[in-house]
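Below is one structure, written out as structure tokens, with a few remarks after it.
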Amino acid sequence: MSSLMEFKEVDVHYGPIQALKKVSLSVNEGEIVTLIGANGAGKSTLLMSIFGQPRISSGEIIYRGEDISKKSSHYVASHGLAQSPEGRRIFPGMTVEENLLMGTIPIGMDHAEEDMRKMFDLFPRLEERRNQRASTMSGGEQQMLAIARALMSRPKLLLLDEPSLGLAPIIVKQIFEILKDVASTGMTIFLVEQNANHALKLADRGYVMVNGEIRMSGTGDELLVNPEVREAYLGGH
Amino acid sequence: MSQAVVSINYKKSVIDAVIAGLLALIVFGPIVGIVLDGYDFNAEPERLMWIVLTVMAGRLAASVFFQTSKGAAFLYKHSSKDEGVHVLLPGHKSKLRWIIPLTIVIALLVPFIASKYILTVVILGLIYVLLGLGLNIVVGLAGLLDLGFVGFYAIGAYGLALGYEHLGLGFWSMLPIAAIIAAIFGAILGFPVLRMHGDYLAIVTLGFGEIIRLVLTNWTELTQGPNGMNAPLPTFFGMEFKRRASEGHVPFHEFFGIPYSSAYKYIFIYLVLLLVVLGVLYVKKRLTKMPIGRAWEALREDEIACRSLGLNHVLVKLSAFMIGASTGGLAGVFFATYQGFVNPSSFTFFESALILAIVVLGGMGSTLGVVIAAFVLTVAPELLREFADYRVLAFGMLMVLMMIWKPRGLVRMTRTGVEQREGNVK
Ligand SMILES: Nc1ncnc2c1ncn2[C@@H]1O[C@H](COP(=O)(O)OP(=O)(O)OP(=O)(O)O)[C@@H](O)[C@H]1O
Ligand SMILES: [Mg+2]
């Protein structure tokens with residue numbers, strides 16, 4: 001297995017605040033890797049720094065052998081990286097189909113039809129609502145739309161920021177089922193989550209972030225039974 | 001709704017009326033209550049009292065009415081909570097299908113049936129349609145609040161005058177050149193404001209509009225400052241619309257052997273302008289269906305989402321500024337040729353405000369709304385000359401009423417959903 005994306009000693013500063021401290025991690029081709037951590041640990045910062053916002057202050061982000069930390073977000077998005085950002089951020093005034101089309105921006109419209117068909121197979125709920133304005137959809141449907149929109153750029157690596165945010169347990173379960181389906185197509189997934197239970201069960205490997213540092217790493221199963229992780233993220237059960 | 005007996009709270013109504021009366025006193029007191037007489041002031045309490053009493057009576061009546069069940073129903077009907085873009089089903093056939101060709105035919109007939117005066121008013125209306133369409137791309141579609149749009153209008157108008165004066169270029173060469181120059185200025189304005197939003201953007205663009213006007217006023221060697229400059233008329237295949245043509249040209253009327261009339265030039269300007277407006281409408285319609293149009297809307301809706309999608313926001317914002325600016329430049333060229341003369345006082349902030357009012361009143365992003373609003377705001381004041389004193393008052397009242405009852409503008413922005421393609425089996 002070769003590493004698809006790798007963080008090498010990455011620092012990120014917001015003015016005087018250091019949000020990421022010498023973060024190193026790697027995601028291999030075909031893996032599901034999760035990053036868990038409490039509020040404010042720096043998970044979203046890490047994900048957004050891949051797209052150059054914020055820019056990292058030192059270190060390297062290697063993607064397929066190339067340092068992308070100084071590239072534009074357009075470059076990154078058009079080279080096989082896509083993300084579903086924190087809080088979903090779908091376009092509220094656009095319909096489901098239009099939102100999906102926005103996802104094709106990095107690669108152009110050539111495969112739009114075919115890919116939209118695939119998305120509707122993956123998320124039948126979206127097909128029912130294809131002409132509905134996105135703002136009128138439920139939180140779960142919006143999350144599905146955000147994931148589908150990211151997939152529309154045919155990514156090699158799918159980045160997800162808290163897809164379970166603010167959703168009922170049953171919906172979270174559905175979303176994770178779908179992620180499993182997506183992964184079974186060979187997609188590499190990097191999943192940022194607070195819902196450690198679901199995330200670690202799905203993931204091949206995981207990292208635990210505390211205050212901008214990677215505190216622990218291991219396979220999903222190892223972390224699930226790790227007493228420290230259980231105490232901090234799984235309610236001690 | 002429950003069938004509960006509607007009780008009217010008269011005390012609340014009286015309080016409403018008193019508050020309205022106090023507000024009226026504050027608003028009208030200095031305007032109506034005090035009259036400037038030479039260097040003296042005369043108090044006119046009686047006039048003021050009547051106005052305040054009228055306002056109070058009106059507020060009392062309205063307050064009582066809105067508490068009855070009929071009034072409540074009326075309020076409910078007109079309080080649109082539904083916001084945002086109205087998306088039509090794909091394949092929706094607009095009712096306007098028949099109206100568009102009909103309007104074009106009528107528009108083509110206008111110059112031959114209307115008087116010269118009406119024609120000049122309609123030309124002005126069309127110029128504002130162009131301005132409204134240009135600003136609509138920037139404000140309505142891309143969501144970038146631009147308060148200095150008049151700058152591009154001035155650049156277009158002065159472009160024609162300067163090109164004629166210094167380079168000997170006529171209307172037809174300057175029309176595209178002025179549009180390009182305005183677009184370049186749009187980019188110049190666009191670059192520094194790429195990272196700005198809302199209030200900050202508004203202030204910087206406001207400054208831009210003023211800078212253009214001040215440069216035109218003060219660079220007297222180039223622009224003759226406040227004295228203004230002459231602008232040429234368009235020519236018809238090299239023929240001029242003057243009574244006596246300049247060296248080497250044939251006047252239009254002599255060539256066709258018809259008596260001279262000053263109306264010909266307006267008819268010609270009108271027809272060219274109409275073509276340009278139709279062209280801009282068409283281009284705009286195409287653009288909104290293309291990826292760039294959707295990118296503008298996406299940028300307005302959620303900039304962070306756009307970045308996470310790798311949308312090149314520099315390109316998207318600049319293109320909105322540039323296309324909007326070039327449309328403003330085109331309007332400027334027509335304004336200059338129509339007036340035959342330009343001077344900086346035509347390009348004050350009030351013009352920017354008026355154009356913005358057209359966009360807001362018309363319904364952000366709505367093309368049809370902008371066309372209607374442009375005519376309402378420019379043609380109506382001309383036709384109601386007798387009431388000229390009350391123009392600004394009426395304008396203000398119209399805006400307030402519109403914002404209460406139709407906060408989304410006259411015509412809601414509508415967009416047909418993406419078409420269902422073949423292969424997308426249901
Ligand atoms: N734009 C910003 N400017 C300044 N500080 C920021 C900014 N964005 C994030 N931070 C700070 O960086 C730290 C990490 O934030 P981040 O959003 O990455 O956390 P997170 O792990 O995603 O948290 P959550 O689980 O709540 O989403 C926090 O202390 C936060 O206050
Ligand atoms: Mg976060």
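Annotations
- Remark on segment B:214-371: hydrodynamic radius 19.0 angstrom, per the Kirkwood mean of 1/r across alpha carbon pairs.
- Take the Kirkwood radius over Cα pairs of segment B:10-78, plug it into Stokes-Einstein at 4 °C and 1.567 mPa s, and you get 97 µm²/s for translational diffusion.
- A simple spin-label model places the labels of B:Thr220 and B:Ile188 2.3 nm from each other, with each point 7 Å out along Cα-to-Cβ.
- Annotation: the residues B:Lys11, A:Lys8, sorted from fewest to most other C-beta atoms within 10 Å of their own C-beta, follow the order B:Lys11, A:Lys8.
- Å³ per residue enclosed by the Cα convex hull of chain B: 229 Å³
- Highest mean packing first, where packing is the average number of other Cβ atoms within 10 Å per residue, the peptides B:294-305, B:41-52 line up as B:294-305, B:41-52.
- Where labels lie 7 Å past Cα in the beta-carbon direction, separation of A:Arg55 and A:Asn211 in nm: 2.9 nm
- Here the ratio of the Cα radius of gyration of the protein assembly as shown to 2.2 N^0.38 Å is 1.19.
- Per residue of B:334-345, other chain Cβ atoms within 10 Å of the residue Cβ number 0 on average.
- Angle in degrees between helix B:69-78 and the longest Cα principal axis of chain B, rounded to the nearest 10: 30 degrees
- Across B:Lys116/B:Lys285; A:Lys43/A:Lys180; A:Lys173/B:Lys317; A:Lys180/B:Lys289; B:Lys242/B:Lys285, pairs whose alpha-carbon gap is larger than 30 Å: B:Lys116/B:Lys285; A:Lys173/B:Lys317; A:Lys180/B:Lys289; B:Lys242/B:Lys285
- Acute angle (nearest 10 degrees) that the helix B:263-289 long axis makes with the longest principal axis of chain B, alpha-carbon atoms: 70 degrees
- Counting only other chain Cβ atoms within 10 Å of each residue's Cβ, the peptide A:71-78 averages 4.
- Shape descriptor for segment A:51-195: Rg over Rh equals 0.96 (Cα atoms; Rh from the Kirkwood inverse mean 1/r).
- Proxy reagent accessibility, fewest Cβ within 10 Å first, across A:Arg89, A:Arg230: A:Arg230, A:Arg89
- Nearest-0.05 FRET efficiency for A:Ser135 and B:Ile8, computed from C-beta distance (R0 41 Å): 0.65
- Positive-end extreme of charge dipole, the protein assembly as shown - chosen from B:Ile155, B:Leu109, B:Val283 (charges on Cβ): B:Leu109
- For A:Ser24, distant residues with modelled amide H under 5 Å away: A:Glu9, A:Val10, A:Ile214
- Positive-pole candidate from A:Ala112, A:Pro92, A:Asn131, dipole of segment A:58-147, charges at beta carbon: A:Pro92
- A Förster distance of 35 Å, applied to the separation of the beta-carbon atoms of A:His13 and A:Arg125, puts the FRET efficiency at 0.30.
- Projected over all directions and averaged, the alpha-carbon convex hull of segment A:72-153 occupies 5.0 nm².
- Relative contact order (%) - criterion: Cα under 8 Å, at least six apart; region: chain B: 27 percent
- Of the cross-linked pairs A:Lys71/A:Lys201; A:Lys22/A:Lys156; A:Lys71/A:Lys156, those separated by over 28 Å at the C-alpha level are A:Lys71/A:Lys201.
- The alpha-carbon positions of segment A:59-110 define a convex hull whose volume is 95 Å³ per residue.
- Net dipole in debye of segment B:104-414 [+1 Lys, Arg Cβ; -1 Asp, Glu Cβ; about Cα centre; nearest 20]: 720 debye
- Under 16 Å from the B:Ala62 label point (7 Å along Cα→beta-carbon), backbone N, segment B:382-406: B:394-406
- Net charge dipole size for the protein assembly as shown [Lys, Arg +1 and Asp, Glu -1 on Cβ; Debye, nearest 20]: 1480 debye
- Cβ-derived FRET efficiency at R0 25 Å, B:Leu271 paired with B:Tyr117, nearest 0.05: 0.90
- Here the extension length gained between A:Lys21 and A:Arg64 equals 13.2 nm, from 0.36 nm per residue of separation less the Cα-Cα distance.
- Euclidean distance between Cα centres, segment A:64-131 to segment B:1-68, Å: 55 Å
- The angle between the Cα long axis of helix B:391-405 and the longest principal axis of the Cα atoms of chain B comes to about 60 degrees, rounded to the nearest 10.
- Segment B:10-78 - charge dipole about Cα centre, Lys and Arg +1 at Cβ, Asp and Glu -1, debye rounded to 20: 660 debye
- Spacing of the modelled spin labels on A:Glu29 and A:Val225, each 7 Å from Cα toward Cβ, amounts to 3.2 nm.
- Peptide-level mean, for A:96-105, of C-beta atoms on other protein chains within 10 Å: 5
- Toward the positive end of the charge dipole of chain B, with +1 on the Cβ of Lys and Arg and -1 on the Cβ of Asp and Glu, the farthest Cα among B:Ala295, B:Ala72, B:Ser319 is that of B:Ala72.
- Spherically averaged projected area of segment B:105-145 from its Cα convex hull (nm²): 3.4 nm²
Throughout, read-outs are computed from the coordinates displayed, never taken from laboratory work. These figures come from a predicted structure and were not determined experimentally. Here Cβ is always computed from backbone atoms with ideal geometry, including for glycine, and neighbour counts include all displayed protein chains.
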